[in-house]
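J.: Take this structure, written in C-alpha cells, and hold onto it; I'll ask about it next.
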Amino acid sequence: MIGIIDYDAGNLRSVEKALNSLGEETVITRERETLLRADKVVLPGVGAFGDAMDKLRQFGLVDVIREIAASKKPFLGICLGLQLLFESSEESPGVEGLGICKGQILRIPDKEGLKIPHMGWNSLKFDHPGRLFAGIREDAYVYFVHSYYLKAADPEIVTASTEYSVKIHASIEQGNVFACQFHPEKSSQVGLAILKNFIAL
C-alpha cells in the first residue's frame, strides 16, 4: 500500500489515479500510524512553499515525514513535494523547509522569450544513474509546472536535470528519498514508467 500525504495541497487525486491505474492500492491520509504502516509514501503538492510548511506543521506531519525519510521506506516528493524536502525557498523567505536534503529553492530567472511559471514539456538529461529512470531513455519529455527550481548543494544526489532559463535539478535520489520537480502523473507513458520504477523499489 502506498500512502499519499494529505496536507490540503492540490494534485493528490491525480497522483492517486495514476498509481491506481498501475494496480497499486493507495490511501490519502495525514494519520501518522497509517503513513508509517505504508510500504511507500508520496508527498505530492502544488502551491506556495510557506503555506505548505504551515500546513505540514499544523497537521503534525513534519516529524512523521522526517521519520519516514530516516527509515528504509521509499519516499517520493513531487513538484512542491520536492521543494519542501530542502532547506529554504526564495518564495517564502525565513521559512524553514524539512531540511531532509541540502539545497535551496530559487526563483527561475527571467529570460526573454520564456514565460514564468514554467508550464510545459521539457526533456531530461541524466546527471547520474537514478533508479526512477531505469529503462527510460535520456531526452525523454516530462511535464513541469513551477516558478521555483532546485539547486541542490550536493550534485551527486541529482539524477536528472533540464534547462529552462537556467539548469534545473529536476530529480534527486538520496538513499530511500526520491523527488521530481516535474509531474510524473501528468507525463504520459514516461511518467507512468517512472512511477512503476518507484513501485518496484
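The values are calculated or read from the model by the stated rules, or taken from the named source; none is laboratory data. In this text the structure is predicted, and so the values were computed from the model without any measurement. All Cβ positions, glycine included, derive from the backbone under ideal geometry; neighbour counts span all protein chains shown. The protein model used for the area step is the full one, side chains on, heavy atoms only, and it has no ligands, DNA or RNA in it. Shrake-Rupley method; radii C 1.70, N 1.55, O 1.52, S 1.80 Å.
J.: Report, by chain and number, residues whose modeled amide H sits under 5 Å from the one on His118, excluding near sequence neighbours (fewer than 5 apart, same chain).
T.: Residues meeting the amide H criterion: His146, Ser147.
J.: I need the phi-derived Karplus couplings for the stretch 67-84: 6.51 cos²θ - 1.76 cosθ + 1.60, θ = phi - 60°, integer Hz, Gly and Pro marked x.
T.: Per residue, the Karplus-derived 3J(HN,Hα) values read 5, 5, 4, 7, 8, 8, 6, x, 10, 10, x, 10, 6, 4, x, 5, 4, 5 Hz.
J.: Still on this model: State to the nearest 20 debye the size of the charge dipole of the chain about its Cα centre, where the only charges are +1 on K and R beta carbons and -1 on D and E beta carbons. Intermediate values should be presented prior to the final figure.
T.: Details: 22 positive and 26 negative charges, 62 e Å.
Result for the chain is approximately 300 debye, rounded to the nearest 20.
J.: Counting only heavy atoms of the protein chains, get the accessible area per residue of the chain (1.4 Å probe) and round it to a whole Å² value.
T.: Values: 8930 Å² over 201 residues.
So the chain comes to 44 Å² accessible per residue, rounded to a whole number.
J.: For the stretch 91-145, state which trypsin sites (Lys or Arg not before Pro) are in a DSSP loop and have at most 13 other beta carbons lying within 10 Å of their beta carbon.
T.: Numbers: sites: Lys102, Arg107, Lys111, Lys115, Lys125, Arg131, Arg137; in loops: Lys102, Lys111, Lys115, Arg137.
Listed in order of number, the matching sites are Lys102, Lys111, Lys115, Arg137.
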